[in-house]
Amino acid sequence: AQAIWSIRTSQTKRAGRPARSHRTMAPRFARLQLLAIMAGATSTGAALLRRGAREPTSPLGEGSKLIDGPDCGRAKVIVSKYAKASKVGELAGRASGAITAAMAIVEVAAVDIAKGKDTSKAIGGDATIDTVVAEVEEASNAVTTATGNLQTELDTFKGKVSGSEFSGADVQQDDMTKLRKLTDEVHDVARVLSEKSERLTEKIAAAIDKSKTLSSEAGKSASALIADAEATAKAAKDNSQKAAWAEKDADSLIAEAKSVATEVQAKADKADEQKPVWEAMTSDIDGQVAGVEKLKGEVNTAKVALDSTLAPLADALKPLETVLQDANAGKHVTSATLTEDTLTAKEAREATSDALQALADEMEGLDKAMTSLKKALDEAKTKLHP
């Protein structure tokens with residue numbers, strides 16, 4: 001307005017017109033001021049209208065749109081729904097995890113149960129293992145039942161979650177409480193099963209260690225008895241062979257004695273004064289030959305008896321040999337079986353030992369008789385051929 005005033009003043013002066021006074025120009029200046037203000041207001045309003053015509057920027061980001069819904073403007077409700085949905089999801093996940101973990105423990109327990117039964121059977125029965133196996137089986141059944149109940153409830157729970165307009169909206173507090181309770185029950189029975197299964201494992205290990213100790217002792221006992229019996233059997237075979245040789249020697253000596261006796265008798269038949277001496281010599285040789293023949297027969301009888309004990313002894317040692325092999329292989333050997341087999345083997349060894357002693361006695365008698373006969377023959381030969 002001030003600029004317009006200055007321009008108008010200079011234009012009047014150049015035109016030769018008298019300049020208007022301040023009073024004359026004041027109303028006009030006021031109108032110019034008003035026009036300027038109005039123009040500025042119009043310009044500002046147009047700008048505002050132009051900005052207002054633009055589509056508002058979404059708080060979710062460029063390209064996003066806000067969609068009106070039943071919960072628009074209800075922030076507290078949305079936060080509460082999200083909190084419930086999170087809680088519902090957490091309960092369902094915990095229940096699912098409990099089922100998976102519990103069934104894994106059941107599978108491990110099944111392996112332990114089978115091993116416990118096999119171990120008990122292998123060692124001839126173990127009351128402690130049998131008792132713990134029964135406890136583990138009972139605990140395993142409890143876990144299976146509990147997980148079944150939880151799975152049924154979890155399926156129902158998930159159905160309500162998926163059927164809600166907003167995730168978990170239809171799930172009630174009672175539903176969550178029941179699911180939590182069943183989940184806790186599964187955790188509890190699974191823990192009990194795990195503890196009992198671990199106890200069974202310990203009992204199995206202890207039984208196996210004890211079995212190894214007993215088997216080792218049984219193996220040593222069997223080994224000692226086998227060695228003793230085998231030594232007896234070897235001695236029996238050796239003496240049986242010696243008896244056979246003694247019989248042949250006796251036969252040779254008897255044949256020689258009979259020949260000498262015949263020669264002595266011939267000498268007696270021709271003798272006059274010495275006839276009684278020669279006849280006595282013949283009688284002595286004949287008597288000793290009869291004695292050797294008798295003892296030779298007894299040796300043969302004893303030898304046959306001894307030989308008859310060797311087969312039963314070998315048969316009696318076979319179970320002990322199996323015991324020894326099993327013990328060396330780490331297998332369990334029951335005390336009952338070992339006792340029975342040991343008794344049988346000992347009886348067989350004693351029978352062989354007794355027969356061996358009987359043969360030895362008969363051979364000693366035969367040896368003495370043959371020695372005496374040889375001496376008589378040497379004397380006869382010396383007298384026959386001085």
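The values are calculated or read from the model by the stated rules, or taken from the named source; none is laboratory data. Fair warning: this is a prediction, and the values are worked out from it, not measured in the lab. Counting neighbours? That spans all protein chains shown, and the Cβs are built from the backbone with ideal geometry, glycine included. Note: areas computed on protein heavy atoms with side chains; ligands, DNA, RNA excluded. Shrake-Rupley method; radii C 1.70, N 1.55, O 1.52, S 1.80 Å.
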For Glu138, solvent-accessible area (1.4 Å; no DNA, RNA or ligand), Å²: 130 Å²
Formal net charge of residues neighbouring Val189 (Cβ-Cβ distance under 12 Å; K, R +1; D, E -1): -3
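Work out how much length Glu293 to Asp315 would gain on full extension: take 0.36 nm times their residue separation and subtract the Cα-Cα distance, in nm to one decimal.
Details: separation 22, 0.36 × 22 = 7.92 nm, distance 3.48 nm.
Between Glu293 and Asp315, full extension yields 4.4 nm more.
Taking only C-alpha pairs under 8 Å that are 6+ residues apart, what is the relative contact order of region 238-351 in percent?
On the way: 66 pairs, mean separation 28.7, N = 114.
For region 238-351, the relative contact order is 25 percent.
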Heavy atoms of Ile208 accessible to a 1.4 Å probe, total area in Å² rounded to 10: 60 Å²
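Of all the Cα-Cα pairs you can form in region 190-309, what percent are over 16 Å apart?
Numbers: 5435 of 7140 pairs.
That tail contains 76 percent of the Cα-Cα pairs.
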Going 7 Å from the Cα of Gln274 along its beta-carbon direction, which residues of region 351-386 have the amide nitrogen within less than 15 Å of the resulting point? 379-386
Karplus ³J(HN,Hα) for region 304-315 (6.51 cos²θ - 1.76 cosθ + 1.60, θ = phi - 60°; Hz, whole; x = Gly/Pro) runs 4, 5, 5, 4, 6, 8, 6, 5, x, 5, 4, 5
Region 303-386: trypsin sites (Lys or Arg not before Pro) in DSSP coil with no more than 16 other Cβ atoms inside 10 Å: Lys331
Can you list residues from other chains, or at least 5 along the same chain, whose modelled amide H is less than 5 Å from the amide H of Val333? Ser215
Quick one: which of Lys87/Lys181; Lys248/Lys381; Lys115/Lys203; Lys210/Lys346; Lys234/Lys331 span more than 18 angstrom between C-alpha atoms? Lys248/Lys381; Lys210/Lys346; Lys234/Lys331
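Quick one: length gained pulling Lys242 to Lys368 fully straight, 0.36 nm per residue minus the C-alpha distance? Mind dumping the intermediate values first?
Details: separation 126, 0.36 × 126 = 45.36 nm, distance 1.51 nm.
Answer, rounded to one decimal: 43.8 nm.
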For region 365-381, just list the computed ³J(HN,Hα) in residue order, Karplus coefficients 6.51, -1.76 and 1.60, θ = phi - 60°, integers in Hz, with x standing in for Gly and Pro. x, 5, 5, 5, 5, 5, 5, 5, 5, 4, 5, 5, 5, 4, 5, 5, 5
Quick one: 3J(HN,Hα) in Hz for region 224-239, Karplus 6.51/-1.76/1.60 with θ = phi - 60°, rounded, Gly and Pro as x. 5, 5, 4, 4, 5, 5, 5, 5, 5, 5, 5, 4, 5, 5, 4, 6
Express in nm, to one decimal, how much length is gained between Ala227 and Thr339 on full extension, taking 0.36 nm for each residue of separation and deducting their alpha carbon distance. 38.6 nm
